[in-house]
Amino acid sequence: MENNITFTMIKPFAVETGNIGTILDVIIKHGFKIRAMKLTRMSKSQAEKFYAVHAERPFFADLVEFMSSGPIVAAILEKENAVNDYRELIGSTDPAKAAEGTIRKLYGVSVQKNAVHGSDSDENAQVESTFFFSTFERFLL
Ligand code: ATP
Ligand code: MG
């Protein structure tokens, strides 16, 4: 069960530029089931908490500023091998280095505005899902 879900966000720039629908379409066409979803906006302190692991990195303040700058779409996705398969579908952190056809290659414009977030482990998929969704908002089978 634990390796069947991942957590994603469509980041502010991708939301602002009208790419929610096209990105969700790519996700669904690659076999991921949406098990929870909301349009929401993180406060600065929520973004600081979500990205706490990067607190010491030089880009942390910019990252927090950007991720709290506007609405995001948060979602829980279900599929066998969800974390790894989704990381493959989104591509490298830097859209310029991402493989053809990946979400970041298609819709990312910079390392910061790289369209989407994807969990990096099953453990973080659970932590991040719980950060955004109550049990009543999840529709896992
Ligand atoms: P995400 O966690 O958003 O799925 P990732 O796992 O590919 O991305 P991380 O190393 O976890 O990459 O970094 C988190 C986010 O911080 C990246 O998506 C990116 O927006 C931003 N970031 C990472 N490295 C840099 C950098 N060198 N300069 C600016 N922003 C960066
Ligand atoms: Mg990451």
Checklist outcome for this item: For segment 1-34 the number of residues that are under 14 Å from the mean Cα position of the chain (by Cα) and basic (K, R) is 1
Checklist entry - Among the residues of segment 95-107, which ones are surrounded by 21 or more Cβ atoms within 10 Å (Cβ to Cβ) and among the acidic types (D, E)? => result none
Item to check | Subset of segment 108-137 that is crowded, with 19+ Cβ neighbours inside 10 Å and either among the β-branched types (V, I, T) or more than 13 Å from the chain's Cα centre (by Cα) (or both) - its residue that is nearest to E78 (Cα to Cα) | outcome: F133
Item to check | Boolean, A14 is among the small types (G, A, S), surrounded by 18 or more Cβ atoms within 10 Å (Cβ to Cβ) and under 19 Å from L106 (Cβ atoms) | outcome: yes
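I'd like to verify a number: residues in segment 116-135 that are part of a loop (DSSP other than H, G, I, E, B), within 15 Å of ligand 1 (Cβ to nearest atom) and without any contact (Cβ under 8 Å) to a residue 60 or more places away in the chain, how many?
2
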Item to check | All positions within segment 25-38 that are buried (at least 16 other Cβ atoms within 10 Å of the Cβ) and under 18 Å from A125 (Cβ atoms) | outcome: I27, F32, K33, R35, A36, M37
Item to check | Near pairs, Cβ below 6 angstrom, 6+ apart or cross-chain, from segment 50-65 (among the β-branched types (V, I, T)) to any residue that is open to solvent by less than 70 Å² (accessible area, probe 1.4 Å) and modelled with pLDDT of 95 or more | outcome: V64/A47
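The values are calculated or read from the model by the stated rules, or taken from the named source; none is laboratory data. All of these numbers come straight from a predicted model, not from anything done at the bench. All Cβ positions, even for glycine, are placed from backbone atoms using ideal geometry, and neighbour counts span all protein chains on display. Just so you know, the surface numbers come from the protein's heavy atoms only, side chains and all, with ligands and any DNA or RNA stripped out. Shrake-Rupley method; radii C 1.70, N 1.55, O 1.52, S 1.80 Å.
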